[in-house]
Amino acid sequence: VQLQASGGGLVQAGGSLRLSCANSKRTFSNNGVGWFRQAPGKERDFVASIGWKGVNTYYSDFAKGRFTTSRDNSKNTVFLQMNSLKPEDTAVYYCAAARSSSPSASLNAYRYWGQGTLVTVSS
């Protein structure tokens, strides 16, 4: 499963971006999908995850209230809506498909990773 995250870019603090995660070759509609981010020189951190039905979601503390993940299985795409962005949100954002249908905050739960998309938030 090859995933591709897109939608990153440069935005001012307080702005919004919507990231997409898609796979054109194989469906991942039965997999949980997670979002992670990695800032320069830092470890990869969990952001949000969503179960295969799109009902169960988990968020990191910094994402709660600002970020929302959703999915459209008919389009084989998962989204991460990011609002009220802060400079500390600057990072490369990755999506990943879990080994199971459940969402998870653990890196080890994810088997397939996509190329990331850079989000830069200016102050």
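At a glance:
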quantity: Per residue accessible area of the chain, 1.4 Å probe, in Å²; calculated: 52
quantity: With every protein chain in place, the chain: carbon and sulfur % of accessible area (1.4 Å); calculated: 45
quantity: P(r), alpha carbons of the stretch 1-111 - 5 Å bins starting at zero, rounded %; calculated: 2, 13, 25, 27, 19, 10, 4, 0
quantity: Chain lengthening between GLU88 and ASN73 when straightened (0.36 nm per residue, less Cα-Cα); calculated: 2.3 nm
quantity: GNM top mover of GLY51, GLY65, GLY41 - the chain, alpha-carbon springs below 10 Å; calculated: GLY41
quantity: Net charge over other residues, Cβ less than 12 angstrom from the Cβ of ASN30 (K, R count +1; D, E count -1); calculated: +4
quantity: Solvent-accessible surface ranking, highest first, for SER24, SER106, SER60 at 1.4 angstrom; calculated: SER24, SER106, SER60
quantity: Computed magnitude of the charge dipole of the stretch 1-71 (debye, nearest 20; Cβ of K, R +1, Cβ of D, E -1); calculated: 200
quantity: ³J(HN,Hα), Karplus 6.51/-1.76/1.60, whole Hz, each residue of the stretch 57-63, x for Gly, Pro; calculated: 9, 10, 9, 6, 4, 6, 8
quantity: Fraction of antiparallel bridges per DSSP, the chain only, in percent to nearest 5; calculated: 90
quantity: C-alpha center-to-center spacing [the stretch 21-89, the stretch 98-114] in angstrom; calculated: 11
quantity: Dipole magnitude of the chain about its Cα centre (Cβ charges: Lys, Arg +1; Asp, Glu -1), debye to nearest 20; calculated: 360
quantity: Of LYS53/LYS75; LYS25/LYS86; LYS25/LYS75, pairs whose Cα-Cα distance is over 23 Å; calculated: LYS25/LYS86
quantity: Sequence-separation-based contact order of the chain, relative, with Cα cut under 8 Å and 6+ spacing, percent; calculated: 37
quantity: Among PHE46, SER104, GLN81 the positive-end extreme of the charge dipole of the chain (Cβ point charges); calculated: SER104
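The values are calculated or read from the model by the stated rules, or taken from the named source; none is laboratory data. Quantities reported herein were computed from a predicted structural model and do not represent experimental measurements. Note: ideal-geometry Cβ built from the backbone for every residue, glycine included; neighbour counts use all protein chains shown. With ligands, DNA and RNA removed, areas are computed over all heavy atoms of the protein, side chains included. Shrake-Rupley method; radii C 1.70, N 1.55, O 1.52, S 1.80 Å.
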